[in-house]
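A quick write-up on the structure given underneath.
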Amino acid sequence: MDNFFTARGVSKRYGATVALRDVVMDIHAGEVHAILGENGAGKSTLVKILSGVVQPNEGQMTLEGRNHGPSSIADARRMGVSTAFQELSLIPHMTVAENILLPKVSLRGFWPDPKKDIVARAAAVLRDWDVTDISPDSLIEDLPLAQRQRIEITRALSHAKRLLVLDEPTAALPDTSWLFQQIRRLTGQGVAVMYISHRLSEVREICQRATVLRNGATIRTVDLAGVDDAGIFSMMVGRDPSEAGADMGSASLGDTLLQTRSLRVGAIRDLDLDLRAGEIVGVAALEGQGQQDLFKALGGVIPRRSGQILVGGQEAQLGSPAAAQKAGPGIAFVPEERKTDGIFENLTAATNIVMAQFAATRGERFVNGQIERGLAGPSAQRVALAPRYLDFEVGNLSGGNQQKVILARALMSGAKILILFDPARGVDVGTKQSIYAMMRQFVASGGTIMFYSSELSELVHLSSRCLVLYGGQIAAEVARSDLDEERLLSAAHGHRAAVHAAPDTLKEVS
Amino acid sequence: MVDASEPFAAPGRRRGLSLRYMADSAFLIIVIYIVMAIVYVVVQPSALSAYSIEALFNNSLPLMLAAAGATFVILQGGFDLSVAGTISLVNVTIAVTPLDGAGGALTLVGLSLAIGVTVGAINGFIVAFLKIQAIAATLATMIIGQGLALVILKAPGGSVSDFIVYELTGSVLDRLPIALVIALCMIAFWTLFSRLDAGRNLLAVGQDRKAASLSGIDVARTEFFAFVWAGAFYGLAGYMLAAQTSTGNPSAGEPFLLLTFAAVALGGTAFGGGRGGVTASVFGAATLMLMQKVLFSMGVSSFYTGVIQGIIMILAVLFSTAVQHAAKTRGAE
């Protein structure tokens, strides 16, 4: 069945910004079709148009021969199109069951459904899609990000009658086997899947064809089997990507900037840690080993239970992020959930960036847009954020550019210690390179970085040494020379002697 | 995943459950109300007489209704100042419409609801569909309502039918004040409503507008109906106020503006939206009125009443925040 889904000349403008220009693409029935592109290439806008969040200015789409122009999410669902969004769309203080069934939780209109009926119906959906480890009556806000992402995906799966749109579905998933199994089941029924991911290896594993977007326009639709990674990258960026050389290790280590002694916070137990100037310390862990607690404690977001934190050799309280920034050489923290924890969506990028400096200094200063741009400029440059974005409201920027804004703000604080939680999650290859370059440059100029990543390859690529957390303690420390993904994975599963992980242990990481 | 997260999640959930229940339900404010009631009975033994129970609930009911209405709007993350204008408008309308007997009373309930719903629908339309800030929109409708009330009745006066004044402020079955019955109906109504999709959507929108809309909830519609429900409750509040005061007053609604928000806050409903409920606000309003009685019967000079009320309110809100915080951190472990 050809021309299952078609888009012809689809364009979308936000004011003067052109987000999508004349997009042309087809998806076949039962196909998994990848959309590739850098941040700001228009992928998210395309997702929004397909799922009815925004309407295109021009162009036409068809689904199974019928005109497809949904006016709302509900409308798109009626046409059989459902979406798992990158910035998860779950209501935090509601149960998994209610979230799965939203917006039609009750069957009856004027009398409440018994709670057990609601739970039973949601449990059936979860069972149907092989989600067995999440209880339908737990609250979303209690779940780790990986489980929330699976709920988001499950909800989309349950509504996908014709087309399923997955926007960075694996950003928080440590493992793809569950997702790919469900995708294959759907495509077996003739449902088409639009798959957006920055992880090319994944895309190659599950997708047959890919459409490359650049600056809002479709560059080409290719058969993935017929093109190599370099070819795809050059289509995405319009040039050959120059892989930044990774000459680590040679950098000399300086003073110890941050130490913890017998630190206890959340799930973290008796943790000793030393961060020295000039090193990038990676942290690897499965979900729920206390990494969030550790990072938040060092960032001053949550108070520790006991133990010491020494910043620049001085005992520090770190009662708030502001206190952390001012402590000794200064700690800047970039949290996990940028949408909720990190950003002022309605302010411009420049304002967001300079915010840190106003927090660090006293305040009684005159500010206007021009001053902000001037101050924000150098930091923006360090993370390769294009100056033209400085005047944009952050909410209108792509995910990758938002991440750059947050990192630029962290740099702006002047802190010597960067605590980054998954800094390159869900961003494209180009942005990743910019972030990596910034991190290397940061430690080369006397700073230190501790970062957590859900991607092992990233830890191997960047870390001077890597700590593996398991059960709230450091289970292993792996030196740069010994770093490889298998060793990290095995240690992350609590294998004391980091032996080679057997293939079936990999599946355990869900 | 299965292996790692289980030991952390399971005990956390069990320990968090009761705290969380306290934080989410009207539990805390009910406890505060009961404590206050005991204090009242101790300092004022005559408090248990049929007459004073009846009077207490009659005095409290208009504020309970107003606070219940405001809760709908606040829960979905909005703000509604029109309460003052709506109550004044309904109050004077009742006072200048001479309809007697049970039929007249019923007609006037319908009229009050119609006025309230109309104001609410106008608010809702401006805020949800024209996307005007709720404070600006409802400030305007409040002023309009007050203005219209003055047009209808220049100065306090008019008359309210005997049926409304005596029957609706009396008791049924000897000792059960009608005002209490109405309050219980409100609580029953919310208990049902909050478990329907409409109620769930209200809370979802209040918690996270964007996520709610991406979940398929019609956010504008939810917002619109929140204002409509609010208006209906304000209408009833104006009606019951007329029954209680047996007269019309074009500025009758003014004291309600701040008291309504105070009652909602005391009940523990979050002003950002997403947390709380009508039951809590009803008890918040009842507690506020009871507090006045307690201070009065303790012989506290009325000059200090405001100060003490304010302090108690801050303490109550601090307490409920502390419980919420405890529930959250325990639950997250």
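The values are calculated or read from the model by the stated rules, or taken from the named source; none is laboratory data. Worth saying up front: this structure is predicted, and the values here are computed from it rather than measured. Note that each Cβ is placed from the backbone with ideal geometry, even for glycine, and that neighbours are counted across all protein chains shown. Side chains are part of the model used for accessible areas, which takes the heavy atoms of the whole protein and leaves out ligands, DNA and RNA. Shrake-Rupley method; radii C 1.70, N 1.55, O 1.52, S 1.80 Å.
Once the stretch A:114-133 is narrowed to residues that are surrounded by fewer than 17 Cβ atoms within 10 Å (Cβ to Cβ) and part of a loop (DSSP other than H, G, I, E, B), the residue that is nearest to the other protein chains (Cβ to nearest Cβ) is A:133. Only one residue in A:82, A:106, A:72 is within 11 Å of chain B (Cβ to nearest Cβ), open to solvent by less than 30 Å² (accessible area, probe 1.4 Å) and under 25 Å from residue A:195 (Cβ atoms), so which one is that? Just a single option satisfies the conditions, and that option is A:82. Within the stretch A:85-98, the residues that satisfy the criterion of being modelled with pLDDT of 90 or more, more than 7 Å from chain B (Cβ to nearest Cβ) and within 24 Å of residue A:186 (Cβ to Cβ) are A:96, A:97.
Taking (1) assigned to a loop (DSSP other than H, G, I, E, B); (2) buried (at least 18 other Cβ atoms within 10 Å of the Cβ) in turn, residue A:48 satisfies each apart from (1). A count restricted to the stretch A:485-505 and to residues that are open to solvent by 30 Å² or more (accessible area, probe 1.4 Å), under 30 Å from residue A:277 (Cβ atoms) and either among the hydrophobic types (A, V, I, L, M, F, W, C) or at pLDDT 80 or above (or both) stands at 2.
Residue-wise test of (1) assigned to a helix (DSSP H, G or I); (2) open to solvent by less than 20 Å² (accessible area, probe 1.4 Å); (3) under 18 Å from residue B:180 (Cα atoms); (4) in contact (Cβ under 8 Å) with a residue 24 or more places away in the chain.
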position: B:257; (1), (2), (3), (4): yes, no, no, yes
position: B:263; (1), (2), (3), (4): yes, yes, yes, yes
position: B:282; (1), (2), (3), (4): yes, yes, yes, yes
position: B:285; (1), (2), (3), (4): yes, yes, yes, yes
position: B:289; (1), (2), (3), (4): yes, no, yes, yes
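Scanning the stretch B:162-212 for residues that are open to solvent by 40 Å² or more (accessible area, probe 1.4 Å), within 14 Å of another protein chain (Cβ to nearest Cβ) and either under 19 Å from residue B:57 (Cα atoms) or hydrophobic (A, V, I, L, M, F, W, C) (or both) turns up B:188, B:189, B:192, B:198. Summed over the stretch A:110-137, residues that are within 26 Å of the chain's Cα centre (by Cα) and of a type in the set (Phe, Trp, Tyr) total 1. Residues of the stretch A:466-481 that are within 14 Å of chain B (Cβ to nearest Cβ), buried (at least 20 other Cβ atoms within 10 Å of the Cβ) and in contact (Cβ under 8 Å) with a residue 40 or more places away in the chain: A:468, A:469, A:470, A:472. Where strands (runs of 3 or more DSSP E) fall entirely within the stretch A:257-328, those with at least 3 residues that are more than 30 Å from residue A:170 (Cα to Cα) are at A:268-276, A:306-311.
Across the stretch A:1-31, the number of residues qualifying as closer than 15 Å to residue A:162 by Cα and in a loop (DSSP other than H, G, I, E, B) comes to 8. Filtering the stretch A:208-223 down to residues that are open to solvent by 10 Å² or more (accessible area, probe 1.4 Å) and part of a loop (DSSP other than H, G, I, E, B), which residue is modelled with the highest pLDDT? For the stretch A:208-223, the residue satisfying everything is A:208. Of all the numbered requirements in (1) open to solvent by 40 Å² or more (accessible area, probe 1.4 Å); (2) part of a helix (DSSP H, G or I); (3) within 14 Å of chain A (Cβ to nearest Cβ), residue B:306 misses one, and that requirement is (3).
Here the condition is being closer than 22 Å to residue B:69 by Cα and within 14 Å of chain A (Cβ to nearest Cβ); of B:262, B:270, it holds for B:270 alone.
Candidates B:118, B:107, B:86: the one that is hydroxyl-bearing (Ser, Thr, Tyr) and under 22 Å from residue B:263 (Cβ atoms) is B:86.
Taking the conditions exactly as written (in contact (Cβ under 8 Å) with a residue 60 or more places away in the chain and not basic (Lys, Arg)), does residue B:188 satisfy them or not? Don't jump to the end; show me each part of the working.
Numbers: in contact (Cβ under 8 Å) with a residue 60 or more places away in the chain: no; not basic (Lys, Arg): yes.
No, not satisfied.
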